[in-house]
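Colleague: Please see the structure below; I have some questions.
Each value in this text was obtained by applying a stated rule to the coordinates, not by laboratory testing. From a predicted model like this one, the values you see are computed outputs, not experimental measurements. Positions of Cβ are backbone-derived with ideal geometry, glycine not excepted, and every protein chain shown enters the neighbour counts.
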Amino acid sequence: MDGSLPLVLLVGSLLFAAVVAVYVVLDRTPDWGLLGFAAVIEAATLVTLVVAAVQVGGVDLHGGALVTLFGYLVAGLVLLPAGFVWSLAEQSRGATAVLLVAGLAQAFVVVRVMQVWPS
Amino acid sequence: MSDRPTRSASTRSGLGRALIAVYGVFALAATARSLVQLGTKASEAPLAYALSAVAALVYVAATLGLAEVGPSPRRLAWAAVGFELVGVLTVGTLTLLDPEYFPDATVWSDYGAGYGWLPLVLPFVGLAWLWRTRPQNA
């Protein structure tokens, strides 16, 4: 897996979390811009998952590490949609902050994927 | 917009929503981690992996309780978050005294230092939130 794809995903996830933090501070509710941003991250995660699935045969990765890798990648697909569902059900600062949690968790997932993938 | 609760405030409203999100992430992560450990190398460190499974159940219970799922969610949340606090303090202290107790890391090892100390902070926040939103008379 080319190292630049997960790196872009990581930066994107952190940037998303930073933007949400600004929303929380300003007490703004999530809008279409934020949803679009999340959709781009979601698409990039899906691409990463596909690339990993295609290239995993060529690297030394077995057993628990293999399950861990794809576990994290699938979690990366679930986090943001679940975060939006949970967040949009209420309009409050705390509800918007749910997306901050989701963005940071997404970044953590990407870091773990980068650690598990043999370089 | 103030999220200060009035009488018998919801635990899943306002700040609680973000708190539940954090608990949800921990529940998901701990459950997945536990399943991988038990599924691939259960015999290597049975105590540590059993503990991982317990921790996973505790986080799931805390998430459900705070999210007001089930018949008496507040009681469930108090019990789960309380257990979580005892768990992280006990396991954290044990791993500090003698690392041999848990040869493979658990979420509560070293007071959750491996997870940015969040496992240590989380139960305090959870208990504070339950206390703040507690039902009040009149």
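Colleague: What chymotrypsin sites (Phe, Trp or Tyr not before Pro) in region B:33-138 are in a loop by DSSP, with at most 16 other Cβ atoms within 10 Å of the Cβ?
Modeller: Details: sites: B:Y49, B:Y59, B:W78, B:F83, B:Y101, B:W108, B:Y111, B:Y115, B:W117, B:F124, B:W129, B:W131; in loops: B:W108, B:W117.
Taking region B:33-138 and a limit of 16 other Cβ atoms within 10 Å, the loop chymotrypsin sites (Phe, Trp or Tyr not before Pro) found are B:W117.
Colleague: Place a +1 charge on the Cβ of each Lys and Arg in the protein assembly as shown and a -1 charge on the Cβ of each Asp and Glu, then give the dipole magnitude about the Cα centre in debye, rounded to the nearest 20.
Modeller: Numbers: 13 positive and 14 negative charges, 190 e Å.
Here the size comes out at about 920 debye.
Colleague: Given only helices, namely DSSP H runs of n ≥ 4 each adding -39500 (n - 2.57), what is the per-residue ellipticity at 222 nm of the protein assembly as shown, to the nearest 500 deg cm²/dmol? Write down the numbers at each step before the final one.
Modeller: Details: 8 runs with 185 residues, N = 257.
Rounded to the nearest 500, the figure is -25500 deg cm²/dmol.
Colleague: For the pair B:Y101 and A:F70, what calculated FRET efficiency results from E = 1/(1 + (r/R0)^6), where r is the Cβ-Cβ distance and R0 = 30 Å, to the nearest 0.05?
Modeller: Values: r = 31 Å, r/R0 = 1.04.
Given R0 = 30 Å and the Cβ-Cβ separation, E is 0.45.
Colleague: Once both axes come from the Cα atoms, what is the angle between helix B:118-132 and the longest principal axis of chain B, in degrees from 0 to 90, rounded to 10?
Modeller: The two axes meet at around 20 degrees.
Colleague: Give me the log10 of I(q) over I(0) for region A:4-116 at q = 0.20, 0.23 Å⁻¹, as the Debye formula computes it from C-alpha points; what are the numbers?
Modeller: For region A:4-116, the Cα-only Debye profile gives -0.97, -1.20.
Colleague: In degrees from 0 to 90, rounded to the nearest 10, what is the angle of the helix A:4-26 Cα long axis to the longest principal axis of chain A?
Modeller: Taking Cα atoms only, the helix is inclined about 10 degrees.
Colleague: To check my understanding: the extent here is largest minus smallest coordinate of the Cα atoms along each principal axis. What are those three numbers for the protein assembly as shown, in Å, largest first?
Modeller: Answer, in whole Å and largest first: 67, 49, 30 Å.
Colleague: Separation of region A:1-55 and region B:59-82 by C-alpha centroid, Å?
Modeller: Here the two parts' Cα centres lie 31 Å apart.
Colleague: Where nothing but the Cβ of Lys and Arg (+1) and of Asp and Glu (-1) is charged, how large is the charge dipole of region A:1-99 around its Cα centre, in debye to the nearest 20? Mind showing how you got there, number by number?
Modeller: Numbers: 2 positive and 6 negative charges, 25 e Å.
Result for region A:1-99 is approximately 120 debye, rounded to the nearest 20.
Colleague: Write down the radius of gyration of chain B and its Dmax, each obtained from C-alpha positions, in Å.
Modeller: Looking at chain B, its Cα Rg and Dmax stand at 15.9, 55 Å.
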